[in-house]
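Throughout, read-outs are computed from the coordinates displayed, never taken from laboratory work. Model, not experiment: these values are computed from the prediction. Every residue, glycine as well, gets a Cβ built from its backbone with ideal geometry; the counts of neighbours run over all protein chains shown.
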Amino acid sequence: MREPFPGIFVLENPPFRDVRGEFGRLFDSEWESGFLGDMAVAQVNHSVTLGRGTIRGLHYQVAPFCETKLITCIRGRVYDIVVDVRRGSPDFLCWHSELLSGGEGCTLVVPAGFAHGFQTLDEDCELIYVHSQPYRPDAEAGMNPCDPRLGIPWPEPVGRMSERDATHPFIGSDWVGIDL
């Protein structure tokens with residue numbers, strides 16, 4: 001386990017490989033209880049994203065439904081981004097990136113109060129998300145991944161993006177983030 005950014009953890013758990021193939025653990029409540037506390041798993045999602053350069057995100061949920069996410073890439077490679085959106089945080093609007101690759105056994109822990117998104121670096125990528133809260137449409141929020149105030153240097157030309165993600169407004173001077 002490493003902590004590359006305050007509050008962001010990367011769990012390194014390479015899969016066991018032999019002549020039959022491989023076996024990897026995506027979630028272990030005992031192993032992860034040291035920094036996840038009593039996080040309950042409320043939802044597990046699987047995404048397939050097609051097309052190199054495609055962006056999903058930057059998404060988060062507002063209080064009282066802020067969520068912790070565990071993100072694992074199981075196929076392809078993604079440039080994963082987390083942005084601190086916690087009002088009053090010393091790292092407010094700072095972001096951190098991780099390269100996640102299928103088969104490496106790394107899981108990115110995104111705590112409550114952070115927006116999350118990624119860009120695909122391969123044509124076909126799959127991710128598994130473990131969430132501490134169920135999805136609530138009335139609590140969803142997002143940031144425009146191309147916002148110049150964030151200044152995220154996407155490694156690929158921006159490809160496909162949902163209309164919702166592309167039309168999130170840019171952060172204004174009055175944007176204050178979220179309370180947990």
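Assorted remarks:
- Nearest-20 debye value, the chain charge dipole, Cβ charges on Lys, Arg, Asp, Glu: 200 debye
- Direction-averaged projected area, Cα convex hull, the range 95-165: 6.0 nm², rounded to one decimal.
- Extension gain, Glu126 to Glu3, is 41.9 nm, computed as 0.36 nm per intervening residue step minus the present C-alpha separation.
- Structure remark: mean-square fluctuation, Gaussian network model of the chain, C-alpha springs under 10 Å; the largest value among Arg164, Arg20, Arg86 belongs to Arg20.
- Residues within the reach of a label modelled at Val158 (point 7 angstrom out along Cα to beta-carbon, backbone nitrogen below 19 Å), restricted to the range 110-130, are 115-122.
- Shape class for the range 125-180: oblate, because the ratio a/c of the largest to smallest gyration tensor axis (alpha-carbon atoms, square roots of eigenvalues) is 1.5 or more and b/c is at least a/b.
- Extension gain, Glu12 to Ala166: 0.36 nm times the residue separation minus the Cα-Cα distance gives 52.2 nm.
- Charged neighbours of Phe92, selected by a Cβ distance under 15 Å, balance to -2 (K, R count +1; D, E count -1).
- Relative intensity, log₁₀ I(q)/I(0), of the range 14-146 from a Debye sum that treats every alpha carbon as a point, q = 0.14, 0.17, 0.19 Å⁻¹: -0.65, -0.95, -1.17
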